[in-house]
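Inspection log for the structure reproduced underneath, given as structure tokens.
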Amino acid sequence: MNDARPGTTVPDHRGRTGLHLTGRDLDRNPRVEVTDVDLLAAGWHVLRATTFRYRGDDDEWTTLTRETYDRGNGATILLYDAARRTVLLTRQFRYPVYVNDHPDGMLIETAAGLLDDDDPVTAIRREAEEETGVRVAEVEHVFDAFMSPGSVTERLHFFAAAYDGAGREGDRGGLAEEDEEIEILEYDIDVALSKIRDGSIQDAKTIMLLQWAVLDGPFARR
């Protein structure tokens with residue numbers, strides 16, 4: 001039975017229960033009625049198959065089932081030095097891109113992480129320091145975005161903040177207890193943009209923030 005699986009009425013290995021109830025009380029859209037939620041997996045993150053009725057433009061109801069992967073929400077930040085025209089990025093191994101034809105899995109990214117139990121600002125300050133060693137006080141909220149809305153529930157909060165490139169030290173970051181090995185990269189903004197064009201930067205959140213930086217952000221022509 002579904003309600004006997006870990007994560008339902010029985011706690012999973014993270015102590016969670018009620019994971020099979022998510023979505024059942026949704027009523028914001030009168031064209032959608034959730035009828036069943038099947039908890040497929042509750043590892044570190046949660047995989048569900050949700051069955052719902054959807055009323056189309058022809059006013060007919062159709063029953064659909066969609067799998068959703070819930071890894072929580074996250075935040076990312078572009079660290080920039082406007083005077084030196086530089087940005088601070090990271091590079092680390094990402095198995096999911098490696099198994100999907102990335103040459104070596106070493107992905108260039110903006111600092112980012114899951115919110116866990118923190119608010120977005122607190123979380124991104126934490127992630128910026130853990131991944132790059134940079135402590136930021138003032139952060140600018142840029143926008144929010146759903147990165148893979150066809151199957152992943154995550155909403156990503158985008159931020160930007162200035163850093164002092166002249167006083168920065170070190171080229172490695174990450175937490176050893178989380179098996180993180182992160183290389184810190186400092187690029188001229190024009191070099192970073194060129195890396196989008198030649199395919200060296202393929203991470204969506206990073207591309208979005210770099211393009212924002214030159215369109216509306218610190219490197220925009222006023």
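Put in line by how crowded their Cβ is, counting other Cβ atoms within 10 Å and starting with the fewest, Tyr69, Tyr163 read Tyr69, Tyr163. Of all DSSP beta bridges confined to the chain, the antiparallel ones make up roughly 85%. When restricted to Cα atoms, region 1-106 yields an Rg and a Dmax of 20.2, 61 Å, respectively.
Backbone phi angles across region 88-93, fed through the Karplus curve with coefficients 6.51, -1.76 and 1.60 (θ = phi - 60°), yield HN-Hα couplings of 10, 10, 10, 9, 8, 6 Hz in residue order; Gly and Pro are listed as x. Mean residue ellipticity, 222 nm, helices only, the chain: the sum of -39500 (n - 2.57) across DSSP H runs of n ≥ 4, divided by residue count and rounded to 500, is -5000 deg cm²/dmol. Put the Cα centre of region 126-168 next to the Cα centre of region 32-93 and the gap is 18 Å. Modelled label positions at Val214 and Ser200, each set 7 Å beyond Cα in the direction of Cβ, lie 1.4 nm from each other.
In order along region 96-101, the phi-based Karplus estimate (6.51 cos²θ - 1.76 cosθ + 1.60, θ = phi - 60°) of 3J(HN,Hα) comes to x, 7, 5, 6, 10, 6 Hz; Gly and Pro are listed as x. Within region 96-222, the percentage of alpha carbon pairs spaced more than 26 angstrom apart rounds to 21%. Summary value for the chain: 17 percent relative contact order, contacts being C-alpha pairs under 8 angstrom separated by 6+ residues. Debye-formula intensities of the chain, expressed as log10 I(q)/I(0) at q = 0.14, 0.15, 0.18 Å⁻¹, are -0.96, -1.04, -1.27 (one equal scatterer per alpha-carbon, no solvent). Between Tyr98 and Arg71, the modelled labels are 1.5 nm apart [label points 7 Å from Cα along Cα→Cβ]. Mean separation of Cα pairs under 8 Å and 6 or more residues apart, divided by the residue count, gives region 108-222 a relative contact order of 22 percent.
A short reminder: the numbers here are calculations on the coordinates, not readings from a lab. If you're wondering where the values come from, they're calculated on a predicted model, not measured in any experiment. A quick note on method: Cβ atoms are made from the backbone with ideal geometry, for glycine too, and the neighbour counts reach across all protein chains shown.
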